[in-house]
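Here is the structure we will look at, set down as structure tokens.
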Amino acid sequence: MSTEADLASQARPVETTAGRVRGLRLGNVLAFRGMHYGADTSGPNRFQAPQPVKPWPGVRDAFEYGPTAPQLSEFKPRSGFSALLRRPELPESEDCLVLNVWTPACDDARRAVMVWLHGGAFISGSGSGRVTSGGMLAHHEDVVVVSVNHRLNLLGYLDLGAVSDEFADSANAGMLDIIAALRWVRDNIAAFGGDPGRVTIFGESGGGLKVATLMAMPHAQGLFHRAVIESAAGIQARERERSAAGAERLLAALGRGPRDIGGIQQLPLKSLYAASTAIDPLSRFPAGVDGGWGATIDGRYLTRHPFEPDAPDVSAGVPLIIGSNRTEATLIMAPDADGFELDQAGFARRMGLLFDGGEGDRVAAAYRRAYPGASFSDLYFMIGTDQWLTVASAKIAERKSAKGVAPAWLYRFDWQTPVEGGKWRSPHTMDLPFVFQTARSPELEPMVGPEPDLGLVEQMSGAWAAFARTGEPNGAGLARWTPYSAASRDVMVFDHASGLVHDPDRELRELLEPIAFATSAGRGDVLLPARRELLSAGSLS
């Protein structure tokens with residue numbers, strides 16, 4: 001038992017469908033960590049759909065976080081705050097189908113439930129992060145928070161089903177894990193004070209892509225009732241041809257073919273990961289091999305793109321919040337020192353990586369007119385962010401609205417962190433401590449500074465929780481947030497003075513949209529050429 005457990009009181013055991021569990025009272029909430037919702041995925045269960053966890057006798061302690069899914073990532077913190085996004089001390093294991101629950105009380109209150117899907121580009125991450133710990137959100141907003149670990153990278157998304165029917169579920173095994181976790185929530189969350197009829201799925205970055213994917217999966221229908229996509233361009237999934245080619249290349253690197261594919265379940269993980277790296281040395285990074293790992297249109301569990309050519313019918317009745325941060329690209333595109341001090345020549349070179357022909361010059365000129373006082377680095381960050389996420393987020397909201405069944409709300413997070421001299425502006429992940437209320441924690445000072453905007457914390461987490469409770473993000477101390485549509489284009493801008501803005505940067509959106517959707521913004525890998533050059537040069541880590 002951990003020191004934290006020694007200092008906290010144990011909670012009364014709770015009955016689940018597989019057995020009784022005992023958590024901890026940590027301050028104002030009860031925490032149940034590392035609860036299995038599925039069986040060990042190693043050996044014969046590797047590359048298969050998740051299997052039920054075996055029931056157990058007696059009471060299991062749910063005091064400690066469970067294992068992290070094996071990671072295909074060489075993660076090195078790019079800043080003081082990015083180190084807070086991981087818990088490297090937790091063990092990695094294929095026995096990783098675990099989830100965590102934070103609740104104000106295990107009673108009959110039937111609170112709204114918020115299920116968090118972690119980021120990490122489908123290759124890394126876990127539901128056990130410090131920034132996304134659910135205790136403060138559960139306490140301050142009186143909701144039940146759940147976070148999930150599931151299979152990642154090739155263990156969760158290698159399309160062996162294209163080679164052998166024996167592995168027909170492998171291309172989306174990680175998504176099937178999440179669906180299994182949502183079924184666990186449906187069947188058990190009432191015992192933890194939650195309402196199985198008011199479940200919100202929310203995720204950021206790769207987690208947002210998982211949310212978008214679930215919205216197009218018939219097997220997930222009815223398991224969630226609202227959705228939030230943060231900082232993710234989840235318009236398209238991987239085509240079968242692309243995922244099948246990746247599987248064939250990996251098998252070839254292992255010296256295997258369709259007739260001896262079964263032995264892949266007994267291979268050491270290091271052999272599998274070494275083969276992946278041999279195919280593409282950048283595969284261990286987000287947006288590495290073929291744009292990275294992710295869900296595949298396998299014709300079995302996913303039969304269409306999440307938001308292409310329109311919003312999916314299967315989730316037409318599910319309201320949606322979607323948005324991004326103003327300069328997501330500071331953390332994604334320019335962790336190298338040069339990116340923060342671009343001169344005109346450096347700016348022009350990087351624009352050439354983002355755009356074909358003379359489009360970069362045309363876009364640069366438009367942004368310089370719109371932001372005449374901005375530095376070359378500021379322009380680069382804004383353009384990269386808009387090309388990657390802002391345009392795609394608006395398109396998803398527009399397509400969702402066009403269905404005419406459930407609304408979509410669009411936001412932009414503009415607050416700039418003061419840490420490291422303010423160089424990061426409003427980077428990827430910076431919204432998370434505001435949504436989870438962890439900005440209140442002194443531990444997060446390297447991310448939000450010594451005096452975070454607590455009013456903004458309450459506004460943002462309050463809007464998310466109101467949405468989870470009622471299906472509308474109003475009543476959180478904000479000006480009324482109206483739904484997005486092609487006619488209104490209203491955007492909630494979160495900052496020191498938050499407010500609703502009508503079609504911000506309209507001219508820039510209209511300029512970028514046809515360019516972005518003529519290339520690869522729908523797949524979310526529009527930044528791939530720029531990232532690959534920097535990765536190859538060793539600039540990113």
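The values are calculated or read from the model by the stated rules, or taken from the named source; none is laboratory data. None of the values given here were measured: they were computed from a predicted structure. As a convention, Cβ positions derive from the backbone with ideal geometry for all residues, glycine included, and neighbour counts pool all protein chains shown. Areas reflect the complete protein model, heavy atoms only, side chains present, ligands, DNA and RNA absent. Shrake-Rupley method; radii C 1.70, N 1.55, O 1.52, S 1.80 Å.
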For this session: Test G475 against the criterion of being at pLDDT 95 or above and either surrounded by fewer than 17 Cβ atoms within 10 Å (Cβ to Cβ) or farther than 22 Å from T330 by Cα (or both), and give yes or no.
Result: no
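Would you pick out the residues in segment 352-379 that are assigned to a helix (DSSP H, G or I) and aromatic (F, W, Y)? Even if it seems obvious, please write down each step before you answer.
Initially, segment 352-379 is screened for residues assigned to a helix (DSSP H, G or I), giving 352-354, 359-370, 376-379.
Result: Y367, F376.
Which of the following residues is crowded, with 23+ Cβ neighbours inside 10 Å, closer than 21 Å to F63 by Cβ and at pLDDT 95 or above: V98, V113? Walk me through it before giving the result.
On the way: V113 fails: closer than 21 Å to F63 by Cβ.
Going through V98, V113 in turn, the sole match is V98.
Looking at this structure, is S147 at negative phi, open to solvent by 10 Å² or more (accessible area, probe 1.4 Å) and either touching a residue at least 40 places away in the same chain (Cβ under 8 Å) or touching a strand residue (DSSP E or B) at 6+ places or on another chain (Cβ under 7 Å) (or both)? Before you say what the answer is, go through the steps one by one.
Values: at negative phi: yes; open to solvent by 10 Å² or more (accessible area, probe 1.4 Å): no; either touching a residue at least 40 places away in the same chain (Cβ under 8 Å) or touching a strand residue (DSSP E or B) at 6+ places or on another chain (Cβ under 7 Å) (or both): yes.
Taking the combined requirement at face value, the residue does not satisfy it.
Taking A295, is it modelled with pLDDT of 80 or more, within 21 Å of the chain's Cα centre (by Cα), surrounded by 24 or more Cβ atoms within 10 Å (Cβ to Cβ) and not polar (S, T, N, Q)?
Against the criterion (modelled with pLDDT of 80 or more, within 21 Å of the chain's Cα centre (by Cα), surrounded by 24 or more Cβ atoms within 10 Å (Cβ to Cβ) and not polar (S, T, N, Q)), A295 qualifies.
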For this session: Could you tell me which of the residues Q416, Q459, Q437 is of a type in the set (S, T, N, Q), farther than 28 Å from E507 by Cα, open to solvent by 10 Å² or more (accessible area, probe 1.4 Å) and at pLDDT 95 or above?
Result: Q459
For this session: Name every residue in segment 480-494 that is in a strand (DSSP E or B) and not acidic (D, E), in order of residue number.
Result: V491, M492, V493, F494
For this session: Could you tell me which residue of segment 486-541 is most open to solvent (accessible area, probe 1.4 Å), considering only residues that are polar (S, T, N, Q) and modelled with pLDDT under 90?
Result: S536
Problem set entry | Residues of segment 36-53 classified as open to solvent by 30 Å² or more (accessible area, probe 1.4 Å), closer than 16 Å to R183 by Cβ and either more than 23 Å from the chain's Cα centre (by Cα) or modelled with pLDDT under 95 (or both), total | 3
Problem set entry | Condition broken by R25, with the remaining ones in (1) in contact (Cβ under 8 Å) with a residue 40 or more places away in the chain; (2) under 28 Å from R469 (Cβ atoms) satisfied | (1)
For this session: Report yes if some residue within segment 380-399 is in contact (Cβ under 8 Å) with a residue 12 or more places away in the chain and assigned to a loop (DSSP other than H, G, I, E, B); otherwise report no.
Result: no
For this session: State yes or no: is T482 surrounded by fewer than 19 Cβ atoms within 10 Å (Cβ to Cβ) and free of Cβ contacts under 8 Å to residues at least 12 places away in the same chain?
Result: no
For this session: Could you please find all residues in segment 171-188 being within 22 Å of the chain's Cα centre (by Cα) and closer than 30 Å to D108 by Cβ?
Result: D177, I178, I179, A180, A181, L182, R183, W184, V185, R186
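Just to check your reading of the model, which residue among R249, R240, R256 is in contact with a strand residue (DSSP E or B) (Cβ under 9 Å, 6 or more places away or on another chain) and either open to solvent by 40 Å² or more (accessible area, probe 1.4 Å) or closer than 21 Å to P44 by Cα (or both)? Steps first, please.
Details: R249 fails: in contact with a strand residue (DSSP E or B) (Cβ under 9 Å, 6 or more places away or on another chain); R256 fails: in contact with a strand residue (DSSP E or B) (Cβ under 9 Å, 6 or more places away or on another chain).
Just a single option satisfies the conditions, and that option is R240.
Against the condition open to solvent by 10 Å² or more (accessible area, probe 1.4 Å), of a type in the set (D, E, K, R) and farther than 27 Å from M430 by Cβ, how does R186 come out, does it pass?
Yes; evaluated as a whole, the condition is true for this residue.
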For this session: Please tell me if S426 is more than 18 Å from G477 (Cα to Cα) and open to solvent by less than 40 Å² (accessible area, probe 1.4 Å).
Result: yes
For this session: Taking S82 as meeting all but one of (1) in contact with a strand residue (DSSP E or B) (Cβ under 7 Å, 6 or more places away or on another chain); (2) of a type in the set (S, T, Y); (3) within 24 Å of R151 (Cβ to Cβ); (4) modelled with pLDDT under 95, write down the number of the exception.
Result: (1)
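So, of the residues in segment 400-413 that are touching a residue at least 12 places away in the same chain (Cβ under 8 Å) and more than 20 Å from the chain's Cα centre (by Cα), which turns out to be most open to solvent (accessible area, probe 1.4 Å)?
To start, the set of residues in segment 400-413 that are touching a residue at least 12 places away in the same chain (Cβ under 8 Å) comprises 400-403, 405-413.
Within this subset, residues satisfying the condition of being more than 20 Å from the chain's Cα centre (by Cα) are 401-403, 405-407.
On the way: S401: 34, A402: 82, K403: 58, V405: 97, A406: 11, P407: 50 Å².
Among those that are touching a residue at least 12 places away in the same chain (Cβ under 8 Å) and more than 20 Å from the chain's Cα centre (by Cα), it is V405.
Name the one entry in L320, L302, L354, L282 that is modelled with pLDDT under 85 and closer than 26 Å to E239 by Cα.
Values: L320 fails: modelled with pLDDT under 85; L302 fails: modelled with pLDDT under 85; L354 fails: modelled with pLDDT under 85.
Testing whether each residue is modelled with pLDDT under 85 and closer than 26 Å to E239 by Cα leaves just L282.
Scan segment 440-453 residue by residue and report those that are open to solvent by less than 10 Å² (accessible area, probe 1.4 Å) and on the phi < 0 side of the Ramachandran plot. Can you show your working first?
Initially, segment 440-453 is screened for residues open to solvent by less than 10 Å² (accessible area, probe 1.4 Å), giving 444, 447-449.
Within segment 440-453, L444, M447, V448 qualify.
How many residues are closer than 20 Å to S205 by Cβ, of a type in the set (D, E) and in a helix (DSSP H, G or I) when one looks only at segment 401-451?
Kept after step one, since they are closer than 20 Å to S205 by Cβ, are these residues of segment 401-451: 408-417, 419, 424-439, 444, 446-448.
Next, from what is left, pick out any that are of a type in the set (D, E): 414, 431.
If we keep only those that are in a helix (DSSP H, G or I) as well, we get none.
Of the residues in that region, 0 qualify.
So is V131 of a type in the set (A, V, I, L, M), under 30 Å from G262 (Cα atoms) and surrounded by fewer than 24 Cβ atoms within 10 Å (Cβ to Cβ) or not?
Considered against the rule, which asks whether it is of a type in the set (A, V, I, L, M), under 30 Å from G262 (Cα atoms) and surrounded by fewer than 24 Cβ atoms within 10 Å (Cβ to Cβ), V131 comes out as no.
Which members of segment 14-24 meet the condition of being of a type outside the set (A, V, I, L, M) and either modelled with pLDDT under 95 or assigned to a loop (DSSP other than H, G, I, E, B) (or both)? Before you say what the answer is, go through the steps one by one.
Just the residues of segment 14-24 that are of a type outside the set (A, V, I, L, M), to begin with: 15-17, 19-20, 22-23.
Passing the criteria: T16, T17, G19, G23.
Would you mention how many residues in segment 313-352 are over 29 Å from L302 (Cα atoms), of a type in the set (A, V, I, L, M) and touching a residue at least 12 places away in the same chain (Cβ under 8 Å)?
Step one: of segment 313-352, the residues over 29 Å from L302 (Cα atoms) are 326-327, 329-331, 333-352.
Then keep just the ones that are of a type in the set (A, V, I, L, M); that gives 329, 331, 333-334, 337, 342, 345, 348, 351.
Remaining after also requiring touching a residue at least 12 places away in the same chain (Cβ under 8 Å): 329, 331, 333-334, 342, 348, 351.
Looking only at that region, the number is 7.
Assess whether L267 counts as being assigned to a loop (DSSP other than H, G, I, E, B) and surrounded by fewer than 19 Cβ atoms within 10 Å (Cβ to Cβ).
Working: assigned to a loop (DSSP other than H, G, I, E, B): yes; surrounded by fewer than 19 Cβ atoms within 10 Å (Cβ to Cβ): yes.
Judged against the criteria, L267 is a match.
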